[in-house]
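Report on the structure given below.
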Amino acid sequence: MISKLPLRLILASSSRYRHELLSRLQLPFEVLIPDIDETPLASETPKMTALRLARAKAQAIAALAPGALVIGSDQVATLDDMQIGKPGNYENALLQLQKMRGRRVIFHTALCLWDGRQNTLGNQVQVENVQTFVTFRNLPDTELSAYLYIERPYDCAGSAKNEGLGITIIEKIESADPTALTGLPLIALTTMLRRAGVPFYTSA
């Protein structure tokens with residue numbers, strides 16, 4: 001049977017994709033949106049940006065909710081070591097897909113679990129970066145444009161929803177965690193939660 005969670009679990013994110021992924025674990029949780037500046041720093045690698053922002057999101061909410069377990073996550077897509085952000089509109093999305101077609105793109109999905117309890121069972125702050133390598137199909141502009149008009153993935157880094165129609169423009173996905181690309185690496189997260197003493201289920 002599913003275990004009742006004896007503590008407060010908070011997802012520090014405005015992303016509906018992360019909300020849907022965390023719901024899979026069938027743990028009660030709240031959602032609070034952190035107010036932080038997500039601008040990359042000039043000296044950062046993409047991995048460093050993702051890790052810093054994941055931690056900053058968790059820390060910001062942890063300051064508002066003492067004693068809670070807070071989950072922060074951030075994703076940075078990169079091509080030729082350049083960061084690829086959320087396109088925001090059709091024109092930017094098409095430019096992204098044109099640059100990525102036939103290419104291999106690296107997605108850094110960083111995760112932070114901030115344990116605000118005074119006497120923690122695990123480490124107070126756990127962080128991890130999960131890499132996903134995505135090879136995009138070499139498709140003509142007509143197909144890319146048609147895809148964008150149908151799915152409108154303008155809030156997704158890389159301009160493609162792999163959990164939706166975007167899978168049709170992807171040739172290959174390589175990752176140790178299939179949920180990382182959608183925005184919240186559940187395999188890494190469940191490992192962190194177990195270290196923090198979170199029960200997922202109990203015998204009837």
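Just so it is clear, none of the values below were taken in a lab; they were calculated from the coordinates. A quick note: this is a predicted structure, and the numbers were derived from the prediction, not measured. Don't worry about glycine lacking a Cβ; one is built from the backbone with ideal geometry, like all the others, and counts go over all protein chains shown.
Take each peptide in 171-184, 63-76, count the other Cβ atoms within 10 Å of every residue, and average; sorted highest first, the result is 63-76, 171-184.
Can you tell me how much longer the chain between Lys172 and Tyr201 gets when fully stretched, taken as 0.36 nm per residue apart minus their C-alpha distance, in nm with one decimal?
7.0 nm
Cross-link partners of Lys86 among lysines, defined as those whose alpha carbon lies under 24 angstrom from its own and excluding same-chain residues fewer than eight positions apart: Lys47, Lys57, Lys99, Lys161, Lys172.
Per-residue Karplus couplings for region 64-73, computed as 6.51 cos²θ - 1.76 cosθ + 1.60 with θ equal to phi - 60°, are listed in order as 8, 9, x, x, 8, 9, 10, 9, x, 8 Hz, Gly and Pro entered as x. Across bins of 10 angstrom width beginning at 0, how are the C-alpha pair distances of region 9-195 distributed, in whole percent? All Cα pairs, binned at 10 Å, distribute as 10, 37, 33, 16, 4, 0 percent.
Quickly estimate the mean residue ellipticity at 222 nm for the chain, helices only: each DSSP H run with n ≥ 4 gives -39500 (n - 2.57), and the total goes over all residues, rounded to 500. The partial results should precede the final answer.
Details: 5 runs with 59 residues, N = 204.
Counting only the DSSP helices, I get -9000 deg cm²/dmol.
Averaging 1/r over each pair of different alpha-carbon atoms in region 1-69 and inverting the result gives 13.5 Å, the Kirkwood hydrodynamic radius.
Quick one: angle between helix 141-151 and the longest Cα principal axis of the chain, in degrees between 0 and 90, rounded to 10, please. Tilt relative to the chain: about 40 degrees.
Extents of region 132-204, largest first, come to 53, 22, 21 Å (Cα atoms, principal axes, whole angstrom).
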